[in-house]
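Colleague: The structure's right below; bear with me while I get my questions together.
Throughout, read-outs are computed from the coordinates displayed, never taken from laboratory work. Please read these numbers as outputs of a predicted model, since none were measured by experiment.
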Amino acid sequence: MGDSGRYEHVELGYCSRLDELQAAFLRVKLRRLAEWTTARRRIAGMYHKGLAGLDLTLPAEAAKARHVYHLFTVRHSQRDALAKLLADDGISTAVYYPRSVPDQPMFGGGAERRWPKPGARRARSCRCRASRSFPAEEVERVVAGVRRACERL
């Protein structure tokens, strides 16, 4: 696998877990992909509207792309403090990929290198759920909690 622990990669590895049974399930699920994407985009729209004007960097779409919002990831300069305030309010967050690519052991573990995107080490983000089945009331609760937390920081 190349993974020696949670998001720590010591060598190049592959994740090939799609067997015949999983492929059969996926083939059925793919028929609903457009519907599910539309639902997640609607929820993301609620987040965009509700979180506008806060000191957050919200997800953006490129001109020639269409975001599917598997996750709704926001960035804040005080990520950990924001996450703590949200947790205290009963709103869970998660940090995905806590180590940037340059910091992975297989790439030298933080040794000085030239990387195309030097901001990788500075990026600090939290995510809010954008599940296709997330009820509007829950989105509103999360938005209210994020607004309260941002006002306190």
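Colleague: Quick one: Karplus J couplings for segment 33-42, per residue in order, coefficients 6.51, -1.76, 1.60, θ = phi - 60°, nearest Hz, x for Gly and Pro?
Modeller: Once rounded to whole Hz, the list reads 4, 4, 4, 5, 5, 4, 5, 5, 5, 5.
Colleague: Continuing with this model, one more query. Read phi for every residue in segment 76-85 and hand back ³J(HN,Hα) as whole Hz from Karplus 6.51 cos²θ - 1.76 cosθ + 1.60, θ = phi - 60°, with x for Gly and Pro.
Modeller: These are the phi-based 3J(HN,Hα) values: 9, 5, 10, 3, 5, 5, 5, 4, 5, 4 Hz.
Colleague: Same structure, new question: Over all pairs of distinct alpha carbons, what does the Kirkwood formula give as the hydrodynamic radius of segment 22-93, in Å?
Modeller: For segment 22-93, the Kirkwood estimate is 14.5 Å.
Colleague: Related question: What are the residues whose amide H is under 5 Å from the amide H of Thr73, where those residues sit 5 or more places off or on another chain and H is modelled from the backbone?
Modeller: Under 5 Å from the amide H of Thr73 lie the amide H atoms of Cys128, each far enough along the sequence or on another chain.
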